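Reviewing the structure listed below.
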Amino acid sequence: MDAPVNERRFGEVVLCEHCGRSTAAARPGCFYCGHAIASAILAPEKPVLNRAEGWENGFNVVVWTLASRNGDIERAAALLDTSTDDLSAVLKFEGPVPLFRSSDATNAGSLVIELASIGFRCDLVADIELRLQRANTRLRRLAITDGNIRFEDFNTAEMTVFALSEVRLLVAGTVRETRTETFQKRAVFGDAKSADESEISGDGAVMDIYCDTQDIGFQITPAGFDFSCLGAEKGLMARENWARLIRMLGEKLPRLTKDLEYDLLASHFEHTWPTARKSETKGLVKTGFGKRAFGRTEWSSNAEQFRRYSRLRWHLYEK
């Protein structure tokens with residue numbers, strides 16, 4: 001049976017008769033002016049979720065964990081199509097965390113409204129606001145003198161100077177990349193047989209630093225970075241220097257906020273910001289003297305996931 005003509009479903013939009021702007025049909029009042037929406041009804045308990053593909057400019061529903069711990073977790077988990085255990089685990093962290101990435105603003109905005117009605121404080125952040133197309137500036141070294149901090153560009157050696165009080169946020173984590181190459185012999189009859197397989201994987205520490213008035217931050221990785229800013233505390237092991245650098249920045253930068261939660265949160269991002277994966281067929285390749293096999297390469301990396309988290313934290317800093 002067809003639904004009544006005046007029924008308003010989750011995800012639909014209507015024009016407000018008062019201000020003429022588009023607003024979610026499921027709302028009792030206009031999102032912009034508050035004027036009552038004619039024939040508005042309550043949205044269904046579980047709306048349809050329009051997940052964004054990796055290549056799309058999506059819209060992120062972000063929860064403020066500290067302000068949402070008294071919300072109805074069971075209803076929120078049902079709305080987000082996740083488990084109560086996963087959602088409860090996310091709410092134990094301190095910063096803003098993405099819960100869902102939608103392919104359209106209306107769908108995401110309606111989800112924010114639904115979550116707000118059950119005690120969750122959420123924001124809607126579009127991918128375009130995170131400026132993901134530009135990478136943070138990689139640093140070769142930094143120096144702290146006379147109340148200022150100097151950043152040296154890894155590629156150009158250009159120096160950028162900020163007052164110590166202008167450095168506001170540090171986001172640190174681990175980027176993991178894996179590359180697997182498989183070679184198969186194609187049999188005339190039966191299944192293909194694996195001839196060889198090799199895997200290369202690596203973990204690398206990464207740190208993003210953001211300063212006042214800057215949309216794009218600075219990035220440090222242990223490889224190629226000069227830890228001379230540590231002075232007498234500089235050691236031989238990069239891992240030790242990394243920990244000392246984070247501690248030193250926390251001590252000398254009076255307004256710095258340190259976010260070290262990414263590695264603990266990364267597994268919870270897979271439904272919202274999945275790890276980037278790519279598969280490539282290489283065709284018939286030489287694998288030895290007089291030997292050939294069909295090659296295939298599988299690659300994965302969480303570098304883009306970390307960038308999204310880092311930029312989100314800066315975008316919502318002190319909001």
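Out of all the residues in the stretch 91-149, which are among the acidic types (D, E) and surrounded by fewer than 20 Cβ atoms within 10 Å (Cβ to Cβ)?
Residues satisfying the conditions are E94, D104, D123, D127, E129, D146.
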Notebook entry, point to check: Which one of the conditions (1) touching a residue at least 12 places away in the same chain (Cβ under 8 Å); (2) surrounded by fewer than 12 Cβ atoms within 10 Å (Cβ to Cβ) does E251 fail to meet, given that it meets all the rest?
Noted result: (1)
Item checked: Matching option when the condition is assigned to a loop (DSSP other than H, G, I, E, B) and at pLDDT below 90, among E318, E280 -> E318
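For (1) within 27 Å of K258 (Cα to Cα); (2) in contact with a helix residue (DSSP H, G or I) (Cβ under 7 Å, 6 or more places away or on another chain); (3) of a type outside the set (D, E, K, R); (4) not assigned by TED's automatic domain parsing to the domain that holds S310, each residue gets a yes or a no:
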site	(1), (2), (3), (4)
R75	no, no, no, yes
L79	no, yes, yes, yes
S83	no, yes, yes, yes
S88	yes, yes, yes, yes
E94	yes, no, no, yes
T106	no, no, yes, yes
Check: Within the stretch 114-141, which residues are without any contact (Cβ under 8 Å) to a residue 24 or more places away in the chain and closer than 21 Å to T84 by Cβ?
Finding: A116, S117
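Okay, residues lined up against (1) in a strand (DSSP E or B); (2) touching a residue at least 40 places away in the same chain (Cβ under 8 Å); (3) in the same structural domain as Q214 (by TED's automatic domain parsing):
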{"position": "L99", "(1), (2), (3)": "yes, yes, no"}
{"position": "G109", "(1), (2), (3)": "no, yes, no"}
{"position": "V112", "(1), (2), (3)": "no, yes, no"}
{"position": "N155", "(1), (2), (3)": "no, no, yes"}
{"position": "V161", "(1), (2), (3)": "yes, no, yes"}
{"position": "V175", "(1), (2), (3)": "yes, yes, yes"}
{"position": "T178", "(1), (2), (3)": "yes, yes, yes"}
Checklist line | Pairs, first under 12 Å from A108 (Cβ atoms) in the stretch 49-73, second of a type in the set (F, W, Y) and surrounded by 13 or more Cβ atoms within 10 Å (Cβ to Cβ), C-beta under 8 Å, six or more apart | finding: L49/F100; R51/F100; A52/F59; N60/F100; V61/F100
Margin query: Scan the stretch 249-265 and tell me whether some residue there is at pLDDT 85 or above, under 30 Å from R51 (Cβ atoms), in contact with a helix residue (DSSP H, G or I) (Cβ under 6 Å, 6 or more places away or on another chain) and not small (G, A, S).
Written below: yes
Next item on the list: Among the residues of the stretch 256-279, count how many are touching an Asp or Glu at 6+ places or on another chain (Cβ under 8 Å) and surrounded by fewer than 17 Cβ atoms within 10 Å (Cβ to Cβ).
Entry: 4
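The values are calculated or read from the model by the stated rules, or taken from the named source; none is laboratory data. Please read these numbers as outputs of a predicted model, since none were measured by experiment. Glycine gets a Cβ as well: all are built from the backbone with ideal geometry, and neighbour counts include every protein chain shown.
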